[in-house]
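**Q** One structure coming up, written as structure tokens, with questions to follow.
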Amino acid sequence: MTELSDVYIVGAGETKFGELWERSLRELAVEAGLRAVENAGVYSRDVQVLYGSNSLAGIINGQENIGALLSDFSGIAENNIPAIRIEASTASGGAAVRQAYLAVKSGEYDLVMVGGVEKMTDVFGTELIDLTSSVLDREWEAFFGATPAALAAISARKYMADFNVEKDALAMMSVNDHANASKNPDAQYKNKITLEQALNSVAVAEPLNMMDCSPVGDGAAAVLVASENYVKKHKLEGVKILSSADAQDYLALHSRKSLYTLDSAKVASRKALEGAKIKIDDVSFAEIHDSYSIYGLMELEDLGFAQKGKAKDLVYEDIKLNGRIPINPSGGLKAKGNPLGATGVGQFVEAYRQLKGKAGERQVKDSKYAMLHNMGGTGSMSVVHIVGGE
Amino acid sequence: MGEVSRFWRESVHRYRLVAHKCGNCQRTYFPPRDVCPICHRESVGKMKEVEMSGKGVIESFTVVHEVPSPFVRQRPYILAIVKLDEGPSLTAQIVDADPGEVEIGKRVSAVFRKIAQQGSAGIIQYGYKFILD
Ligand SMILES: [Zn+2]
């Protein structure tokens, strides 16, 4: 039995997120992978396994067998390096990094590449809404007209009614995301928005409007995950993955105990904090899966930053870049962007840069521990990692 | 073809609101499921079909403006999660009502309606929607 290894991120890279009409799925993935390899100062042929994260290429791009595609065009099929796609809906990225973490921790591999990619703009409009609704229960939710935005809206209305929360509080999540994204060169949107603008955009699914919803976009992100031995041998300066946890809930929102409690986030964050041997108050900043503004509030609560119904007390000041608990310094899903399979890996790119003090204008001061939360569907899965610590 | 059989398979449950009741703990599940999440192995073979009344309460709702392709002709529509009197909740449209009339907590009843045109074959699918009592 080999000894369990500590696990480090030793390199990270990503493409710009956005509507990248001229770029293909494979081009985006290769660009992010090469940036990560260059950033780490390793050679791609040294990678022992590739985990590719992707959510919907099968139905959006008509391309399955993503592992082989990524391995082939990143040039490592020549070296017969195994490559597997990890699919966990919109949590694919976090799930793929977790597989890398487990593989390195177990002692099986010393260097693993995780590459997340999504190419959404090959389809648009009502057609794309139908395809993205496949992360729901097709036969018992989407069949009746449910979409991801509609179910988030159903959660939002109930939440606002039960806790007497005004729409302003939701909109502040988006205002914060845009403010941070304005300092992130990789972000899809670099414009700041006002509360007024957030509140007055066009309705998507009431009470949510366009500024409550993460955009459609393309992008790729990659990280290299390495063992303690590898880091020492090659004198690399990694950022430690202190803990990794995931948890599941019912697929359909209507089957869960509450319309606004994310049990998957609760369980995964508790396990991740225990694994890292830290308390929620020790977390320096968090990247959270706010694909819809309401999820930002629900997650602040279920990850442990606020009591249920009280996230409204954090969203006006505390979550700002220089606030008590900075949320989404990257710009989050609303403004950095949400290219599904890339989103969760992109959170690690941000954490790596932040914890190495290389986040430029959006650098969080004195950051030690990052919490990263990636969520599948309407909360059917959460993956939580704690990164940093040294 | 696949699209047709995929949606046809569950049509009995959709047409008559047939749930599964666990013979071990007596909980009712809709959509129907073959394993009770509470009783696990003890429920196998004991999940009995029961028809529900179609009466319930609106837990929450939305008015959907950005719609998926099969629902373009219905835009905008009201989508709700309804808690049925027998216990389970489901996702369905509220019809024959103005959005202004719909409220959390209002009682509703199931009606049998056209749901959408699904897939490239344009198959018209039927199932439950709800109207205000
Ligand atoms: Zn049971």
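**Q** Collect the residues in segment B:74-117 that are more than 15 Å from the chain's Cα centre (by Cα) and touching a residue at least 40 places away in the same chain (Cβ under 8 Å), keeping them in residue-number order. I'd like the intermediate steps shown before the answer.
**A** Quick first cut of segment B:74-117, residues more than 15 Å from the chain's Cα centre (by Cα) only: B:74-77, B:96-107, B:117.
Once the filter is applied, which keeps residues that are more than 15 Å from the chain's Cα centre (by Cα) and touching a residue at least 40 places away in the same chain (Cβ under 8 Å), segment B:74-117 yields B:GLN74, B:VAL102, B:GLU103, B:ILE104, B:GLY105, B:LYS106, B:ARG107, B:GLN117.
**Q** Still on this model: Quick one: in segment B:22-34, which of the residues that are within 9 Å of the ligand (Cβ to nearest atom) and in contact (Cβ under 8 Å) with a residue 12 or more places away in the chain is most open to solvent (accessible area, probe 1.4 Å)?
**A** B:ARG27
**Q** Out of curiosity, is B:ARG107 more than 7 Å from every other protein chain (Cβ to nearest Cβ) and modelled with pLDDT under 95?
**A** Judged against the criteria, B:ARG107 is not a match.
**Q** Return yes or no: is A:ALA95 within 14 Å of another protein chain (Cβ to nearest Cβ), open to solvent by less than 20 Å² (accessible area, probe 1.4 Å) and either under 30 Å from A:VAL239 (Cβ atoms) or in a loop (DSSP other than H, G, I, E, B) (or both)?
**A** The answer is no for A:ALA95.
**Q** Residue under question is B:MET52, and the condition is that it be farther than 17 Å from A:SER133 by Cβ and within 17 Å of the chain's Cα centre (by Cα); does it hold?
**A** Here the answer is yes, as B:MET52 does meet what is asked.
**Q** Does segment B:68-75 include one or more residues that are away from the ligand (no atom under 15 Å from the Cβ) and open to solvent by less than 10 Å² (accessible area, probe 1.4 Å)?
**A** Within segment B:68-75, the first condition is being away from the ligand (no atom under 15 Å from the Cβ), and the residues that meet it are B:68-75.
Add one more test, that the residue is open to solvent by less than 10 Å² (accessible area, probe 1.4 Å), and what stays is B:68, B:71.
Looking through segment B:68-75, at least one residue is away from the ligand (no atom under 15 Å from the Cβ) and open to solvent by less than 10 Å² (accessible area, probe 1.4 Å).
**Q** Just to verify a result, which residue in segment B:74-101, among those that are small (Gly, Ala, Ser) and outside any strand (DSSP E or B), is farthest from the other protein chains (Cβ to nearest Cβ)?
**A** Ranking the candidates gives B:ALA97 first.
**Q** Out of A:LEU300, A:LEU242, A:LEU253, I need the residue that is among the aliphatic types (A, V, I, L, M) and open to solvent by 40 Å² or more (accessible area, probe 1.4 Å). Which one?
**A** Details: A:LEU300 fails: open to solvent by 40 Å² or more (accessible area, probe 1.4 Å); A:LEU253 fails: open to solvent by 40 Å² or more (accessible area, probe 1.4 Å).
Going through A:LEU300, A:LEU242, A:LEU253 in turn, just one is among the aliphatic types (A, V, I, L, M) and open to solvent by 40 Å² or more (accessible area, probe 1.4 Å): A:LEU242.
**Q** Do you know which residues across segment A:120-170 are facing another protein chain (nearest Cβ under 7 Å), among the β-branched types (Val, Ile, Thr) and over 24 Å from B:LEU17 (Cα atoms)?
**A** A:THR126, A:ILE129
**Q** Considering only segment B:36-52, how many residues are more than 8 Å from the ligand (Cβ to nearest atom), crowded, with 16+ Cβ neighbours inside 10 Å and assigned to a loop (DSSP other than H, G, I, E, B)?
**A** So the count comes out to 1.
**Q** Restricting to segment A:10-22, give me the number of residues that are within 16 Å of the chain's Cα centre (by Cα), crowded, with 23+ Cβ neighbours inside 10 Å and not small (Gly, Ala, Ser).
**A** 3
The values are calculated or read from the model by the stated rules, or taken from the named source; none is laboratory data. What you see is a predicted model; the values in this text were computed from it and never measured. All Cβ positions, even for glycine, are placed from backbone atoms using ideal geometry, and neighbour counts span all protein chains on display. Keep in mind that these areas ignore ligands, DNA and RNA; they rest on the heavy atoms of the full protein, side chains included. Shrake-Rupley method; radii C 1.70, N 1.55, O 1.52, S 1.80 Å.
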